[in-house]
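The values are calculated or read from the model by the stated rules, or taken from the named source; none is laboratory data. Just so it is clear, the model here is predicted, and its values are computed rather than measured. Please note: Cβ atoms are built from the backbone with ideal geometry, for glycine as well, and neighbour counts cover all protein chains shown.
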Amino acid sequence: MIQDYFTLAVRNLRKKKLRSSLTIIGIFISIATIFVLISLSIGLDSAVKEQFRQLGSDKFFIMPRGQAGPPGAGGAVQLTVQEVNVIEKVNGVKAVSYDTIGNAKVEFNDEARYLMIIGIPLESSEVFIETGFYKSDNGRLLKKGDTGKIMIGSRFKETLYNKPVKIGNKLLINNKEFEVVGILQTIGNSQDDSLIFMSIEDFKDLFNSKDRVDQIIVQIKSGQDINKVADTTRRKLISFRDVTEKTRDFEIQTPEELLRSFGTVLNIITAFLLGVAGISLLVGSIGIANTMYTSVLERTKEIGVMKAIGAKNSDVLYIFVIESGILGLVGGAIGIFFGIGVGKIIEYIAVNQLGINLLKVVFPWYLIVGCLLFAFVIGSLSGLLPARQGSKLKPADTLRHE
């Protein structure tokens, strides 16, 4: 019996190919939008979790609280090397590194760019390098004792200047010459791939930053509980900086807290975008309902014939509901294929044109099946009211209908 319902539904849809196609468009656009947004969200979430997995669970970060603007902007609250010295003495701490950030005029081949410079202590640079996943592509990384030398991001050898920067070239930073000893592998976004790294001593001479620190990176000893070490560090800094828990002017973030914060932001963005997609889905649902109402009116006499030869109200109801469900299902299937194509295009542009490696799409089986079922259910529900109206028509009235 169910097979007969589907056969009749498909046959009826084929009779109205143009109308069915136009109705399907509304659904497939909605499902494609939802599919792309969710696949991008899943992909981004997976990529970030993988980054945190590579980072490991043995490091946490300390930054000034309430800093106005980006790091290096010189907000009212500042950390210094003195805090670094306090943290190094905390029980459970294995190593401490930090960075200080500034913006400078960088000249090469008679071209000038304003770029971000990062100063790091070379004696503890391993912790900083590991945290940023920095790897040398050409040349080498900075090492202890380097003076007047820098390592640069991958964009310097590609698009940052008209002429590619090579190992051994000199860059003029705030009118002071530095030699390039290393070019880093691509990180994944244009800002990170445009960074310049130098020793903290060179940075202080260049910016007169004195003992200012913009971020402290703490690595704990093996077997230690990161939350306990972070809590001990927090209490030590509160005492050293002569503040209370309420007036605390610094933030400590563990990987779990960073991941949780990112997840919250991602969920808010995804919910907003899905809300926009939901409006499109509502429009598509109205289109299906309109098509089914029109179909009921056009096939009034056909319904009368069906009832005259013994069809029940439920039979008519099932045929129309299945018909609208098929419209939704076909629209959903087309939307998924379209969404996969759009998602791959977005990923290609993000990775190859914008250099954003985190923006990748994932198409898990449950997302595909879920979207198909969702499309079928939405289609069926959209046709339910017209189907009920058609099933309640009286045979005598329908046979007299012109």
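Looking at segment 77-94, can you tell me whether even one residue there is under 25 Å from the mean Cα position of the chain (by Cα), modelled with pLDDT of 70 or more and closer than 17 Å to VAL243 by Cα? Break it down into steps so the answer makes sense when it comes.
Pass one, segment 77-94, residues under 25 Å from the mean Cα position of the chain (by Cα): none.
The answer is no, given that none of the residues of segment 77-94 is under 25 Å from the mean Cα position of the chain (by Cα), modelled with pLDDT of 70 or more and closer than 17 Å to VAL243 by Cα.
Report, by residue number, each residue of segment 105-133 that is of a type in the set (S, T, N, Q) and either over 18 Å from LYS204 (Cα atoms) or touching a Lys or Arg at 6+ places or on another chain (Cβ under 7 Å) (or both).
Matches in segment 105-133: ASN109, THR131.
Residues are listed down the side, and each one gets a yes or a no for (1) under 21 Å from VAL351 (Cα atoms); (2) of a type in the set (Asp, Glu):
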site	(1), (2)
ARG113	no, no
GLU123	no, yes
GLU130	no, yes
SER136	yes, no
LEU141	no, no
THR159	yes, no
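Of everything in segment 214-229 that's of a type in the set (Val, Ile, Thr) and over 11 Å from SER57 (Cβ atoms), which residue is farthest from the chain's Cα centre (by Cα)?
Pass one, segment 214-229, residues of a type in the set (Val, Ile, Thr): 216-218, 220, 226, 229.
With over 11 Å from SER57 (Cβ atoms) added as a condition, the list becomes 216-218, 229.
Numbers: ILE216: 26, ILE217: 25, VAL218: 27, VAL229: 31 Å.
The qualifying residue farthest from the chain's Cα centre (by Cα) is VAL229.
Pull out all pairs, ordered by first then second residue, where Cβ-Cβ is under 9 Å, the residues are six or more apart or on different chains, the first lies in segment 122-143 and is in the same structural domain as LYS166 (by TED's automatic domain parsing) and modelled with pLDDT of 90 or more, and the second is surrounded by 20 or more Cβ atoms within 10 Å (Cβ to Cβ) and assigned to a loop (DSSP other than H, G, I, E, B).
Pairs found: LEU122/LEU142; LEU122/ASP146; LEU141/TYR134.
For the list (1) over 26 Å from the mean Cα position of the chain (by Cα); (2) within 21 Å of GLN215 (Cβ to Cβ), I need the number of the one condition that ILE183 fails.
Going through the list (1) over 26 Å from the mean Cα position of the chain (by Cα); (2) within 21 Å of GLN215 (Cβ to Cβ), ILE183 breaks only (2).
Just to be sure I understand the filter: pairs with C-beta atoms under 7 Å, separated by 6 or more residues or on different chains, first member in segment 82-111 and surrounded by 20 or more Cβ atoms within 10 Å (Cβ to Cβ), second member of a type in the set (Lys, Arg). Which pairs pass?
Between residues of segment 82-111 that are surrounded by 20 or more Cβ atoms within 10 Å (Cβ to Cβ) and residues that are of a type in the set (Lys, Arg), the close pairs are THR100/ARG212; VAL106/ARG113.
For ILE129, which of the numbered conditions (1) under 18 Å from ASP211 (Cα atoms); (2) β-branched (Val, Ile, Thr); (3) surrounded by fewer than 20 Cβ atoms within 10 Å (Cβ to Cβ) fails to hold?
(1)
Name the residues in segment 317-355 that are within 30 Å of LEU160 (Cβ to Cβ) and small (Gly, Ala, Ser), would you? Talk me through it step by step, then tell me what you get.
Going residue by residue through segment 317-355, those that are within 30 Å of LEU160 (Cβ to Cβ) are 343-355.
Residues satisfying the conditions are GLY343, ALA350, GLY355.
Among the numbered conditions (1) part of a loop (DSSP other than H, G, I, E, B); (2) within 30 Å of ALA95 (Cα to Cα), tell me where ILE118 comes up short.
Looking at each condition in turn, ILE118 falls short on (1).
Restricting to segment 137-156, and then to whatever is on the phi < 0 side of the Ramachandran plot and surrounded by fewer than 16 Cβ atoms within 10 Å (Cβ to Cβ), can you tell me which residue is farthest from the chain's Cα centre (by Cα)?
It comes out as THR147.
Are there any pairs, at least 6 apart or on different chains, whose C-beta atoms fall under 7 Å, with the first in segment 322-340 and at pLDDT 85 or above and the second surrounded by fewer than 24 Cβ atoms within 10 Å (Cβ to Cβ) and not in a helix (DSSP H, G or I), and if so, which?
ILE340/PHE363
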